[in-house]
């Protein structure tokens, strides 16, 4: 397995990694104007509210772009497919795509959220949507 | 118009040799390049009273002052975001001399980026704020973080890796006649490109990636009134601008409409053309920062040198070669000459304006030097 660099949890993104432990992909939402923002920032750039809550993503999206990630010089036993997912709620998230051969990955392909422990790190992941 | 109202000039340029193992400290490289630039400007270190470098540069300003014997500095600053901000260093220097905060500013970048810490290798010990969204998912080297955007460009316009390779062939052709270049006398064919190993399949091969290099480059920026008294022709900084947009997050922007476009580069170009009073058709040569070959394609389109999706044909038809409509990276660029974080592209722009480039574009009067999110247009000093 390739080595996973675990997240260094910070004040502003602790909610996200807490959500991952509960198998939720949480999007930060302004409590005043309800704008979703990801990656998170502590102030709403639209209304300047410092109050925010979260909305759990439904877990449906499409692939905006993707690559196969291998170590640049050392052999990897299992390359990871990195995807930029366009969530149906609006924000985009970087994640990985499981359960598919790289030859079968397509832009705009529907994907759905799942969770997996990779090298001991629990991460939000995606897989091809059922029926796609 | 007073000297302060007129655009600033680049009065001197300097560099060390570009290598894979300099055998000396980064501070020594900065000092050697800095002294070369000061002497090229016909100055002494006592004429320098400002210093600008990258936030990523490891050299301490006071130690560099001691090396060069610069007695007093009245202005210093650093610019963020690596190569995307390479031209921002010159913008700071330009504003400092035009605003009267300094008389002459030394801009420099020096590192052992091949024999020391390599940018092309994952470094698990460094997890700067804002990278939790990328590193755990495997985006751990620049080739991957950028390829994720380039893949969208390939999808949108139907390009293959071979299309990108045609830029590399041109860069290596230009480098082959440049004695400064690491790949001097080593041109490649498209078959060589296609035979190089994948770095990020199916987007980037090894020969799509910039080099990792050791070396230093320095530039002296001063006011326009000095131009007539210099030993070498000055380059006027006719326009210089940054272009950052709110959707960005740390070093990249995965969050704007379609990643097949490069809105920051378009924003930079619009500002440069408006300030310099020229359009893309007036540009005689362009030095375009290329950490990876596809970024040249995105910049050519964003800066108006060709239309959206047309860069593949623009490159394949020979427009970016010497003698073409817009010679690009006449020194070989960061793929062919060396990777000194983009400052080596700026000094090639100055050589084109001076008429001293080894691959000279005859009569070059407007040279674009840009790196996506920052750039400048250079012209001859009156």
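Modelled this way, with points 7 Å down the Cα-to-C-beta line, the labels at residue A:18 and residue A:129 are 3.1 nm from one another.
Rounded to the nearest 500, the helix-only mean residue ellipticity at 222 nm of chain B stands at -9500 deg cm²/dmol, with each DSSP H run of n ≥ 4 adding -39,500 (n - 2.57). Dimensions of the range A:58-132 along the principal axes, based on C-alpha atoms and rounded to the nearest Å, stand at 37, 26, 22, largest first. Per residue of peptide A:59-69, the mean number of Cβ atoms on other chains within 10 Å of the residue Cβ is 6. Using equal-weight Cα scatterers in the Debye expression, the normalised intensity of chain B in log10 at q = 0.13, 0.14 Å⁻¹ is -1.02, -1.20.
With contacts defined as alpha carbon pairs under 8 Å and 6 or more residues apart, what's the relative contact order of the range B:1-146 in percent? Dividing the mean separation by the residue count of the range B:1-146 yields 27 percent.
Take each residue in B:191-201, count the other chain C-beta atoms within 10 Å of its C-beta, and the mean is 2. Shape class of the range B:220-370 from the Cα gyration tensor (axes a ≥ b ≥ c, square roots of the eigenvalues): prolate, since a/c reaches 1.5 or more and a/b is larger than b/c. Counting only Cα atoms, the size of the protein assembly as shown along its three principal axes is 72, 52, 45 Å, in decreasing order.
Among the residues of B:138-148, the average count of other protein chain beta-carbon atoms within 10 Å of the residue beta-carbon is 6. Centre-to-centre separation between the Cα atoms of the range B:153-223 and those of the range B:324-382: 16 Å.
Once the Cα atoms are used to define both axes, helix B:161-176 deviates from the longest principal axis of chain B by about 30 degrees. The order of the peptides B:366-379, B:242-255, B:73-86 by mean Cβ neighbours within 10 Å, most packed first, is B:366-379, B:73-86, B:242-255. Our summary of shape: the Cα atoms of the range A:10-56 have principal axis extents of 30, 20, 14 Å, ordered from largest down, in whole angstrom. Against chain B, whose longest principal axis is taken from its Cα atoms, helix B:263-276 shows a tilt of about 40°.
Computed from the C-alpha gyration tensor, the three semi-axes of the ellipsoid equivalent to the range B:289-338 are 17, 13, 8 Å, from longest to shortest.
Inverting the mean 1/r over all pairs of different Cα atoms, compute the Kirkwood radius of the range B:255-337 and quote it in Å. Computed over Cα pairs of the range B:255-337, the Kirkwood hydrodynamic radius comes out at 13.2 Å. Each listed q (0.19, 0.20 Å⁻¹) maps to a log10 I(q)/I(0) for the range B:1-87, found by the Debye formula over equal Cα scatterers with no solvent: -1.02, -1.12. Mean separation of Cα pairs under 8 Å and 6 or more residues apart, divided by the residue count, gives the range A:10-56 a relative contact order of 36 percent.
Computed from the C-beta positions of residue A:10 and residue A:48 and an R0 of 25 Å, the FRET efficiency is 0.75 to the nearest 0.05. Computed from Cα positions, the angle between helix B:26-40 and the longest principal axis of chain B comes to roughly 60 degrees. Value of Rg to Rh for chain A, rounded to two decimals, is 0.99; Kirkwood radius and Rg both from alpha-carbon coordinates.
Peptides B:146-158, B:329-341, B:290-302 ranked from most to least packed, by the mean per-residue count of other Cβ atoms within 10 Å: B:329-341, B:290-302, B:146-158.
We did not get these values from a lab; they are worked out from the coordinates using the rules stated. Please read these numbers as outputs of a predicted model, since none were measured by experiment. Don't worry about glycine lacking a Cβ; one is built from the backbone with ideal geometry, like all the others, and counts go over all protein chains shown.
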